[in-house]
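S.K.: Got a structure for you, written out below as structure tokens; questions coming shortly.
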Amino acid sequence: MDGRTGLPVVGMVGAGQLARMTHQAAIPLGQSLRLLAEHADDGAALVAPDVVVGDYRSLADLRAFAVGCDAVTFDHEHVPNEHIAALEADGVNVHPSAAAAIHAQDKSVMRRRLTESGVPCPRWTTVGDAADLDTFAAEVGWPVVLKAARGGYDGKGVWVVGSAAEAAPVLASGTPLIVEEKVAIRRELAAVVARSAFGQGAAWPVVETVQRDGICVEVLAPAPALDPETAEQAQALALRVAADLGVTGVLAVELFETDAGLVVNELAMRPHNSAHWTIEGARTSQFEQHLRAVLDYPLGSTAPTAPVTVMVNLLGGPDDVEPKSIDERVHHCFAHWPDVKLHLYGKQFRPGRKVGHVTALGDDLETVRARARAAADYLMNGGAL
């Protein structure tokens, strides 16, 4: 407990944009968010007062950080699972637990568990050499999708290959891999839910995520023209996975919508890019909800605040604006689109890097989407208004 306020202290391992936005959500709850940052200039470390600089791969650093925390959680999946288990053995209140987190850290473990539970997944197997790959491809057909079992994100660690020869460099890398069939999809969806330690669950509307080069560029909430029965199935599926795996906190279930129904693509056990829209677009944001869940508070309402919300990521590129011109662009953006909300993450611009997002709300999808896209394009690329 914080001795000044009598309120609990949540420790978040990692200090990127997810921690930055979680810190913002903690403030009105009166909570003190403590951060374990790799660097003193990480995005969240720039705005939070209680920052410890340390290495999330070091059990000693994690143990020292956890002292005085009422709950410890994460803004990424890279903390070694054995370290999470060691913290639990020490009596630290960790969410998600090591037993749950492994399913977001290791795709082979995730696929095996979901398949055994009857959750719809692509056909898959582990793969060690070209013979394994040829056997699998003979069953499902080329091309297939190779994925690093651990560590991939934003399109990294994913390779679509059309032959064993094309896959040879990946197979030779020594990276533990799984291989999946390449699913014919209509679009990508995300069902984001939260589950408290008590077992209460809550689900936001299912959204459509628009991908480019493996990176989410837009989120449309709710997913347009999604059959209500399919939307309910997606929410129920995500809540079921959260309960089956014992997840505490936010769980994002990335889905493929196919002609045959829904198929699970990935899991994330933390606040997720597909639910940034909830900051303005829902009564309770994913960041506040994550804090409520890990502290075992009753969960908040997930009701939308507008019929349509569109979130567009701001991605760094080779023609990035100079830092000195950002303030000018923000000034003009606010003047031209006063209703569009901007979130910058305090990150250096690099090609393909998520440096912020904009959110627009309204009644008509195409109007709202055009407004959000235009604001994002101006902020990143400039040009005439």
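Only the coordinates and a few stated rules stand behind these numbers; no lab work does. Since the structure is predicted, the reported quantities are computational estimates derived from the model, not experimental observations. Here Cβ is always computed from backbone atoms with ideal geometry, including for glycine, and neighbour counts include all displayed protein chains.
S.K.: Suppose R0 equals 41 Å; then what is the FRET efficiency for Thr115 and Thr305 from their Cβ-Cβ distance, rounded to the nearest 0.05?
M.R.: 0.65
S.K.: Taking only DSSP H segments of four or more residues, each worth -39500 (n - 2.57), what value at 222 nm results for the chain once the sum is divided by all its residues, to the nearest 500 deg cm²/dmol?
M.R.: Value at 222 nm, helices only: -10000 deg cm²/dmol.
S.K.: Just how many pairs of Lys in the chain have C-alpha atoms closer than 27 Å, counting pairs that are eight or more places apart or on different chains?
M.R.: Eligible lysine pairs with Cα atoms under 27 Å apart amount to 15.
S.K.: Please give the net charge around His103, taking every other residue with its beta carbon less than 11 angstrom from that of His103, where Lys and Arg add +1 and Asp and Glu add -1.
M.R.: 0
S.K.: Over what distance in Å are the Cα centres of region 324-349 and region 197-261 separated?
M.R.: 30 Å
S.K.: Follow-up. Return the FRET efficiency for the residue pair Asp132, Val53: r is the Cβ-Cβ distance, R0 is 35 Å, and the value is rounded to the nearest 0.05.
M.R.: Taking R0 as 35 Å, the efficiency between Asp132 and Val53 is 0.25.
S.K.: Would you work out if region 163-247 is rounded, prolate or oblate? Take a ≥ b ≥ c from the square roots of the eigenvalues of the alpha-carbon gyration tensor; rounded if a/c is under 1.5, else prolate when a/b is larger than b/c, oblate otherwise.
M.R.: oblate
S.K.: Let me ask something else. Given Cβ point charges of +1 (Lys, Arg) and -1 (Asp, Glu) and nothing else, what value in debye, to the nearest 20, does the dipole of the chain about its Cα centre take?
M.R.: 420 debye
S.K.: Ok, one more. Over all directions, how big on average is the projection of the convex hull of the alpha-carbon atoms in region 59-216, in square nanometres?
M.R.: 11.5 nm²
S.K.: Local charge sum around Gly14 (other residues, Cβ-Cβ under 9 Å, Lys/Arg +1, Asp/Glu -1)?
M.R.: Working: positive: Arg270; negative: Glu38, Asp42, Asp75.
Net of charged neighbours comes to -2.
S.K.: Additional query: Considering amide H positions built from the backbone, and no H for Pro or chain starts, which residues 5 or more places from Val308, or on another chain, come under 5 Å of its amide H?
M.R.: Amide H neighbours of Val308: Gly362.
S.K.: Hey, another quick one. Net charge near Val264, counting Lys/Arg +1 and Asp/Glu -1 over other residues with Cβ under 10 Å of its Cβ?
M.R.: With Lys, Arg at +1 and Asp, Glu at -1, the neighbours total -1.
S.K.: How much of the pair distance distribution for the chain lies past 26 Å, counting alpha-carbon pairs only, in percent?
M.R.: Here the long-distance tail beyond 26 Å is 54 percent of all Cα pairs in the chain.
S.K.: Same structure again: When the chain is treated as a GNM, springs tying every alpha-carbon pair under 10 Å, which of Ala306, Ala172, Ala149 comes out with the largest mean-square fluctuation?
M.R.: Ala172
S.K.: Under the Karplus relation 6.51 cos²θ - 1.76 cosθ + 1.60, θ = phi - 60°, what is the ordered set of whole-Hz ³J(HN,Hα) values for region 36-41, x standing for Gly and Pro?
M.R.: 9, 9, 6, 9, 5, 9
S.K.: Hey, with R₀ at 25 Å, roughly what FRET efficiency would Leu342 and His78 work out to, going by the Cβ-Cβ distance, to 0.05?
M.R.: On the way: r = 28 Å, r/R0 = 1.13.
The calculated FRET efficiency here is 0.35.
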